[in-house]
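Let me begin by presenting the structure, written as structure tokens, before commenting on it.
The values are calculated or read from the model by the stated rules, or taken from the named source; none is laboratory data. Keep in mind that what you see is a predicted model, and the values were worked out from it rather than measured. Here Cβ is always computed from backbone atoms with ideal geometry, including for glycine, and neighbour counts include all displayed protein chains. SASA here: full protein model, heavy atoms, side chains in, ligands and nucleic acids out. Shrake-Rupley method; radii C 1.70, N 1.55, O 1.52, S 1.80 Å.
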Amino acid sequence: IKALPETEVIPCGPGSLRRYTDFHLLRCGMGKQKAIASLNFYLDQFNPRTVLLMGFAGALNHKFKIGQLFRITTVMNAQTNNFFDLSVYNPFQQLPGARLLTVPQAVTTEGQKQDLRKRFKADLVDMEAFHLAQICFRQNIQFGAIKGVTDLAGPQAGNEFKQNHQVVALKLFEILRPLLKIEP
């Protein structure tokens, strides 16, 4: 947000909206309730053809490292076992693909992490992506997701997130910059 041109910040449910000429930036907040409320509020006001979720995730896959970016190929719901396969804009095809699991609360133990990885064959974990994808699919809005690894899901996840979210946010912005035609 700091790297983007200045623009008015508009309340959008519990989130906030910044409108630019070629795109809108909706900041939903973390967690299912805030994200759903923000997206629904936005969709009541605007009619986008595409929603691209960019955000943070914890790594369930032990091969993944903090700071890596991934295009999400499948988003799953840990509570219902439902899933959506996602297509991603061509500009993001260079990113490695990953399977994302949406859970109701943070993964804070090594046992939880291993269990979720084994049961769902998931690479990453978050708390909102499945719900946003579901809203978009129901309204025939194209949905894609790019996630950056801020933590390794487990006992240190909270501290790792605090240490790494700003660096990962800048990496997400850099991958988005050419698409939005934002000058450095």
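Take N82 and decide whether it is surrounded by fewer than 16 Cβ atoms within 10 Å (Cβ to Cβ), polar (S, T, N, Q) and at pLDDT 95 or above. Here the answer is yes, as N82 does meet what is asked. Every condition in (1) closer than 10 Å to K147 by Cα; (2) in contact with a His (Cβ under 8 Å, 6 or more places away or on another chain) is met by L69 except one, and the failing one is (2). Picking from residues in the stretch 37-65 that are open to solvent by less than 70 Å² (accessible area, probe 1.4 Å) and in a loop (DSSP other than H, G, I, E, B), the one that is nearest to Q105 (Cα to Cα) is L60. The set of residues from the stretch 1-36 being closer than 24 Å to N77 by Cβ and either open to solvent by 100 Å² or more (accessible area, probe 1.4 Å) or aliphatic (A, V, I, L, M) (or both) comprises L26, R27, M30, Q33, K34, A35, I36. Before we move on, is T73 in a strand (DSSP E or B) and surrounded by fewer than 19 Cβ atoms within 10 Å (Cβ to Cβ)? So T73 passes the test.
Residue by residue, here is whether (1) touching a strand residue (DSSP E or B) at 6+ places or on another chain (Cβ under 7 Å); (2) not hydrophobic (A, V, I, L, M, F, W, C) holds:
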residue: Q112; (1), (2): no, yes
residue: L116; (1), (2): yes, no
residue: D126; (1), (2): yes, yes
residue: Q142; (1), (2): yes, yes
residue: D151; (1), (2): yes, yes
residue: Q156; (1), (2): no, yes
residue: F161; (1), (2): yes, no
residue: L170; (1), (2): no, no
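For the stretch 1-12, the criterion of being of a type in the set (K, R) and either more than 18 Å from Q166 (Cα to Cα) or touching a His at 6+ places or on another chain (Cβ under 9 Å) (or both) is met by none of the residues.
Right, L95: surrounded by 18 or more Cβ atoms within 10 Å (Cβ to Cβ) and either in contact with a helix residue (DSSP H, G or I) (Cβ under 7 Å, 6 or more places away or on another chain) or aliphatic (A, V, I, L, M) (or both) or not? It is false that L95 is surrounded by 18 or more Cβ atoms within 10 Å (Cβ to Cβ) and either in contact with a helix residue (DSSP H, G or I) (Cβ under 7 Å, 6 or more places away or on another chain) or aliphatic (A, V, I, L, M) (or both).
Residues in the stretch 61-81 that are touching a strand residue (DSSP E or B) at 6+ places or on another chain (Cβ under 7 Å) and within 12 Å of F120 (Cβ to Cβ): T74, V75, M76, N77, A78.
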